[in-house]
Amino acid sequence: MRISLLCFFLGLYAVSFSQNINEKLVAFFSFSECKAKDESGNGSTGALVGDPTCRCGVLDSAIALDGKGDAIFFVGPLSDVFTLSDFTISFYFKPGPVNPNAGGSQVILSKQASCDPAARALWVRYNPRSRRISSGLVQNQNLFVTVTADLDPTACWQHIVLTRSNTNYSIYVNGVLKERRSTPSRLDITSSAILKVGEPICLLDEHFFGDFDELRIYSRALTQDDINALYVRPDRILTGDTIIYLGNSFVARANPACAQSLQWAPASTVSSPNSAEPVLTPTVSTTYRLNFFHQGCTAYDTLNVKVIDPDTLDCNLIFIPNAFTPASSQGRNDLFTISNPYAVDDFISFEVFDRWGGRVFEAASVFDGWDGTFQGQPLNAGVFLYRLRYRCKGEERFKSGTVTLLR
C-alpha cells in the first residue's frame with residue numbers, strides 16, 4: 001500500500017505543478033523542425049550560425065553543433081532577464097565524443113562580450129575530460145559566483161537548470177541540486193552582449209560539440225517541484241519499481257530519447273529485450289538493467305521488481321488504499337482496489353457506498369476495482385465508505401473504512 005500511496009502523491013504533484021510551469025516564461029526554444037523559434041510568444045528570436053544539423057532530440061528535434069564553428073545566437077526580450085532579477089535557465093544537452101586533441105572547456109552558453117574578468121557576464125562551460133559543467137555570474141572582478149557539478153554518469157542527455165534567487169545561484173543536473181552558492185549582494189549582470197550557444201569566449205575555450213535542446217528562460221527562480229516537472233527523463237525507465245504476484249506479467253515503459261538501440265538484462269524474462277515497452281515476467285525478485293546506446297555514449301537505468309508468491313500471504317493482513325485519482329493520474333491509482341487480492345482466501349463481497357448509504361460499486365471478484373463512476377457517470381470528488389467481506393482460514397471476516405476520491 002505504501003508504494004500505491006507514493007505513486008498517487010507523485011502523480012498528484014506532477015499534475016499540480018505542470019499547470020504552473022509556464023508562469024513567467026520569457027522564452028522557449030524547442031527547436032522543433034530545427035527552427036530557432038521562440039514558442040513562448042514573447043518575441044525573442046534565434047539564429048543558427050555556421051552549419052548546425054538537425055537531429056532527433058529529447059522530445060522532437062535538437063540542434064547538433066559540430067564543435068568547429070556552429071553556434072546559436074538569441075536576441076529579444078529574453079535579454080531583459082539577465083540584469084538584477086531572479087531567473088532560471090533550463091536546457092538539455094548531449095555531449096559529443098571526447099576529442100583527444102581538444103584543449104580547454106567547451107562554451108555551452110554565454111552572455112559575455114569579452115574575456116575581461118571585470119566585464120559583466122553569464123557563462124556555462126563544459127569540460128569533456130572531467131565531465132563537469134560549471135556556470136558563473138560576474139558583476140566585476142571582485143563580485144562573482146561560480147557553481148560546478150558532475151554530469152550524471154548514467155545518462156547521455158543531461159538536463160541542466162540554473163537558478164538565481166536573490167543572492168543564491170544554484171545548478172541542478174537531471175533534477176538533482178548539485179551546488180548552491182551565495183554572494184554578499186545581488187549581482188548586476190546587465191550587459192549589451194548577445195546570448196549565445198556554442199561560441200568560445202576566451203583564448204583557451206572551445207566550441208561546443210554535441211546536441212542542444214529545449215531551452216527555457218524564466219524571469220523567476222523555479223522551485224524543486226517545477227524543475228522535477230520539466231525533467232522528461234530521457235534515457236530512463238518510466239515504470240517505477242513495483243511489486244507483482246508470481247505468475248503475472250506487466251509492461252515496462254522507457255523513454256529512449258532517440259537511442260540507436262536498447263538492451264534489457266537479464267533478457268530471459270523479457271518478451272522483447274530490444275524494445276522500449278517489453279512485457280516482463282520475472283519468477284523471482286529481479287533488478288532489470290536497460291542500456292540505451294547512443295552514438296559515442298551509453299546510458300542505463302534500473303528497475304526493481306519484487307515478486308510475491310500468493311501462497312505465502314497472510315489472509316489476516318489485507319491492504320486497501322485510502323485515496324485514488326480516477327482519470328487524472330496518468331495511469332496511476334485510477335482504480336480503487338484491494339492492494340493484495342491474492343491474500344483473500346475466499347471472497348464474499350467488496351462494495352463502495354456514498355455518504356447517504358447508496359451503493360455506487362459492487363465487485364464481481366476480488367480483482368475488480370472501482371473507477372469512480374456510477375451508472376457510467378463520473379462522481380464528484382469526496383469521501384466514500386467501503387466494505388469488504390471474505391473468509392480467512394474458514395472464518396468470515398469484515399473490513400471497512402473510507403476512501404477519498406480526488407479529481
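Since every read-out is calculated from the coordinates, none of them should be taken as a lab result. Everything numeric in this text was worked out from a predicted model, so none of it was measured. All Cβ positions, glycine included, derive from the backbone under ideal geometry; neighbour counts span all protein chains shown.
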- [ ] Over all alpha-carbon pairs of the chain, lay out the pair-distance distribution in 10 Å bins, whole %, shortest bin first.
- [x] 4, 19, 25, 20, 15, 11, 6, 1, 0
- [ ] With everything on Cα atoms, drop me the angle between helix 2-18 and the longest principal axis of the chain, reported from 0 to 90° to the nearest 10.
- [x] 40 degrees
Task: Gaussian network model of the chain, Cα within-10 Å springs - most flexible of ASN291, ASN99, ASN333 - done: ASN99
Open item on the list: Taking just the alpha carbons, could you work out the radius of gyration and Dmax for segment 21-230, both in angstroms?
Closed with: 15.6, 44
- [ ] Please express the Cα-Cα pair-distance distribution P(r) of segment 186-295 as a list of whole percents, one per 10 Å bin, running from 0 to the bin with the greatest distance.
- [x] 11, 28, 24, 18, 12, 6, 1
Open item on the list: If the reach is capped at under 28 angstrom between alpha carbons, list the lysines near LYS94, excluding any in the same chain fewer than eight residues apart.
Closed with: LYS24, LYS35, LYS37, LYS68, LYS111, LYS178, LYS196
Task: Other-chain or far-sequence residues with amide H under 5 Å of TYR245's (modelled H) - done: ILE308
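For TYR245 and ARG180, what is the calculated FRET efficiency with R₀ set at 45 Å and r taken between the beta-carbons, to the nearest 0.05? Intermediate results must be reported in sequence, preceding the final value.
Values: r = 44 Å, r/R0 = 0.98.
After rounding, the FRET efficiency stands at 0.50.
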Task: R0 of 56 Å, Cβ-Cβ distance ILE348-ALA265: FRET efficiency to nearest 0.05 - done: 0.80
TODO: Please give the FRET efficiency for ARG359 paired with ASP314, using the beta carbon to beta carbon distance and R0 = 25 Å, rounded to the nearest 0.05.
DONE: 0.30
